[in-house]
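The values are calculated or read from the model by the stated rules, or taken from the named source; none is laboratory data. Computed from a predicted structure; not experimentally measured. FYI the Cβ positions are ideal-geometry reconstructions off the backbone, even for glycines, and counts take in every protein chain you see. What goes into the accessible areas is simple: the full protein's heavy atoms, side chains included, and nothing from ligands, DNA or RNA. Shrake-Rupley method; radii C 1.70, N 1.55, O 1.52, S 1.80 Å.
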Amino acid sequence: MCEITKNKEEIRILGIETSCDETAAAVIRGGREVLSNVIYSQIDLHTIYGGVVPEIASRKHIDKINQVVEEALRSANAELKDIDAVAVTYGPGLVGALLVGVAEAKAIAFGANLPLVGVHHIEGHISANYIASPTLEPPFLCLVVSGGHTHLVNVKDYGEYEILGRTFDDAAGEAFDKVARAIGLGYPGGPKVDKISSEGNPESIHFPRAKVGEEGYDFSFSGLKSAVLNYLNSCEMKGEEINRADVAASFQQAVIDVLVGNSMDAVDRLGAKKFAIAGGVASNSHLRAAFEEACRARGVEFFLPPPVLCTDNAAMIACAGYYEFIKGVRSGYDLNAVPNLRLGER
Ligand code: KG4
Ligand code: ZN
């Protein structure tokens, strides 16, 4: 265990995130104060392909990573000598993309003689709530909904997680992206479905709400996605015009009902007092409103990061890295990218 003598409020962590298509670096102080949060989004490069192309993502990370790290230090008014540790996402994610961030972090840690802390991407998403809500402390329940993950997590303590439910197939964000493509909204689909849904009737088409797993905390979205595709096909066969706003709103409502339903079952059964959401899909305006309402009805305190901290960023990685760092967790120079890293494993 490494003894930390410095005042914890003054500890500065440089965070690096490259697990998917955002090249990001950030500096935070005292765990929760964001001094800089630089995000280079590659989204325009991938849009023409209708999704993230791993090879292109890795190459672009290589192009951008040094510039993004320099900018994060500059806008935090910091130099490497002011930094106490480097935290980096080492999984899960795209292996080639993760490797760029891991190699960068190792090089900086070695060159500047700084401790290195490998961070789990989902732990980062959950930690975005600590930045957004300075008074939030574990325990709480957190629903992590992103393009790659749908996890209902019992956050027992800092770095201590129990996964209550997970998706059996598609992640929630993946379902948003696939349905958006099917109704011709393009990529990335989530924000577009969110927007167009406001003009549609969520009760116009009934799509299924899957109930899976023993305790009912697990999720399945592939049946819902197929139901939407079948609906679109049958309209086409009958020569009926599709109302895209109605399809989007009805699909989105089915996702929201399942996410809120399973989460609130867990809140009720475990007697949780605090509930949080995280991940890219957590920036969905209708989902935020539905959780707000469900938590208010139960007298449960509700936490949610602003959209910029929901989608991939490095401030959340630096925050998660801070709590690992003060516990004494350190990674070696043999730190490697682990594309299927499980939450709670090191
Ligand atoms: O957390 P994130 O940036 O990356 C991953 O770790 O996957 O999440 C990206 C996902 C995409 O599937 C995107 O469509 C979805 O989050 N998303 C949304 C919204 N904004 C982003 N889904 C629904 N509504 C939104 N407003
Ligand atoms: Zn993510």
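Would you check which residues across the stretch 142-160 are over 15 Å from the mean Cα position of the chain (by Cα) and in a strand (DSSP E or B) and list them?
ASN154, VAL155, LYS156, ASP157, GLU160
For ALA87, all conditions in the list (1) of a type outside the set (D, E, K, R); (2) farther than 29 Å from ASN262 by Cβ; (3) more than 16 Å from ligand 1 (Cβ to nearest atom); (4) not in a strand (DSSP E or B) hold save one; what is the number of the exception?
Single failed check for ALA87: (4).
Restricting to the stretch 134-148, count the residues that are within 16 Å of ligand 2 (Cβ to nearest atom) and closer than 22 Å to TYR322 by Cβ. Explain how you work it out, then say what you get.
Of the residues in the stretch 134-148, the ones within 16 Å of ligand 2 (Cβ to nearest atom) are 142-148.
Restricting the remaining residues to those that are closer than 22 Å to TYR322 by Cβ gives 142, 144, 146.
Going through the stretch 134-148 one residue at a time, the tally reaches 3.
Which one is farthest from ARG288 (Cα to Cα) among residues in the stretch 187-237 that are in a helix (DSSP H, G or I) and among the aliphatic types (A, V, I, L, M)?
From the stretch 187-237, those in a helix (DSSP H, G or I) are 189-197, 222-237; that's our starting set.
Remaining after also requiring among the aliphatic types (A, V, I, L, M): 193, 196, 224, 227-229, 232, 237.
Values: VAL193: 14, ILE196: 16, LEU224: 21, ALA227: 25, VAL228: 23, LEU229: 26, LEU232: 28, MET237: 36 Å.
Result: MET237.
So the check is Cβ under 8 Å with 6+ separation or different chains; which pairs have a first residue in the stretch 129-150 that's within 16 Å of ligand 1 (Cβ to nearest atom) and a second one that's open to solvent by 10 Å² or more (accessible area, probe 1.4 Å) and among the aromatic types (Phe, Trp, Tyr)?
Matching pairs, first to second residue: ASN129/PHE303; ALA132/PHE303.
Those residues that are more than 21 Å from GLY280 (Cβ to Cβ) and modelled with pLDDT of 95 or more, I need them from the stretch 37-64; list them, please.
ARG59, ILE62, ASP63
Could you say whether any residue in the stretch 261-281 is open to solvent by 40 Å² or more (accessible area, probe 1.4 Å), assigned to a strand (DSSP E or B) and away from ligand 2 (no atom under 16 Å from the Cβ)?
yes
For the stretch 161-177, which positions are in a loop (DSSP other than H, G, I, E, B) and open to solvent by 50 Å² or more (accessible area, probe 1.4 Å)?
PHE168, ASP169
Please state which of the following conditions LYS211 fails to meet, knowing it meets all the rest: (1) farther than 30 Å from GLY50 by Cα; (2) over 23 Å from the mean Cα position of the chain (by Cα).
Status for LYS211: all satisfied but (1).
Which of the residues belonging to the stretch 1-44 are farther than 21 Å from GLN67 by Cα and of a type in the set (Ser, Thr, Tyr)?
THR5
Which members of the stretch 58-84 meet the condition of being free of Cβ contacts under 8 Å to residues at least 40 places away in the same chain and either in contact with a Cys (Cβ under 7 Å, 6 or more places away or on another chain) or not in a helix (DSSP H, G or I) (or both)?
GLU79 - this is the single residue of the stretch 58-84 that is free of Cβ contacts under 8 Å to residues at least 40 places away in the same chain and either in contact with a Cys (Cβ under 7 Å, 6 or more places away or on another chain) or not in a helix (DSSP H, G or I) (or both).
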